[in-house]
1. Just checking, how many residues over the stretch 53-74 are outside any helix (DSSP H, G or I), at negative phi and under 27 Å from the mean Cα position of the chain (by Cα)?
2. Just to be sure I understand the filter: pairs with C-beta atoms under 6 Å, separated by 6 or more residues or on different chains, first member in the stretch 171-186 and over 19 Å from residue 213 (Cβ atoms), second member surrounded by 14 or more Cβ atoms within 10 Å (Cβ to Cβ). Which pairs pass?
3. Could you tell me which of the residues 209, 237 is surrounded by fewer than 24 Cβ atoms within 10 Å (Cβ to Cβ), outside any helix (DSSP H, G or I) and more than 16 Å from the chain's Cα centre (by Cα)?
4. How many residues are farther than 22 Å from residue 116 by Cβ and either out of contact with any strand residue (DSSP E or B) (no Cβ under 9 Å at 6 or more places or on another chain) or surrounded by fewer than 16 Cβ atoms within 10 Å (Cβ to Cβ) (or both) when one looks only at the stretch 76-95?
5. Just to be sure before I move on: is residue 155 touching a helix residue (DSSP H, G or I) at 6+ places or on another chain (Cβ under 9 Å) and without any contact (Cβ under 8 Å) to a residue 60 or more places away in the chain in the structure I sent?
């Protein structure tokens, strides 16, 4: 596997005179909302964005005035206009649109959910997804973020980095135990990433959610570097992890290979 060039936040270039700090703060506020943080107070936004309450309040009120947020005077929440930001990405980049029919076909064939993700900071962010008839309780969708250290998608993406860079990132991450099976020790996580780098795939057995197993493979760009990861998720009662690998790894690799071919032809 070759390296993934997605940058971590700590590696961002020091802002120059053209850098608009207020825009950065506004985007940080806009992207701190999520399934677990659907309605937030000023102080909660300040904590999530690591900014002062005054700064968070200014950003929130500006976004409310622009129609991206609404408020009852205490809490703020997202409005549909915020979808325009996501739509701009999905409509302008080839990977999501080219991947969607492949994910749909994979999901239809296997009757399981399939996803495509890219590395964003410490997370794997889903940019395309097809949900099977057997829905999983994780409730994932486009834009969902999975912690890279314990998600199959994330481990594939981390395996695409140079080993020393992957090690630095993993050791710097917060690695909470999301289930009784979550691997949180940095050395163990790095061993799993090294194994993924060698074998060309990563797996997850109930680390994100008990009862859910997943497997992921890399998607390469024109230069042979890992640009994304594609995964399939299965309910644990259906099959063992070994059965998941035997049954779904070949079609998963085939779908990823088809996406690479389509991206190269685009």
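A short reminder: the numbers here are calculations on the coordinates, not readings from a lab. Remember, it's a predicted structure, so these values are computed and weren't measured experimentally. Neighbour counts run over all protein chains shown; Cβ positions are idealised from the backbone, glycine included.
1. The total comes to 3.
2. 171/186; 173/122; 173/149; 175/149; 175/184; 186/170
3. None of the other options fit; the residue is 237.
4. Start the filter on the stretch 76-95 by keeping residues that are farther than 22 Å from residue 116 by Cβ, which leaves 76-81.
Keeping just the survivors that are either out of contact with any strand residue (DSSP E or B) (no Cβ under 9 Å at 6 or more places or on another chain) or surrounded by fewer than 16 Cβ atoms within 10 Å (Cβ to Cβ) (or both) gives 77, 79-81.
Of the residues in that region, 4 qualify.
5. No: the conditions fail for residue 155.
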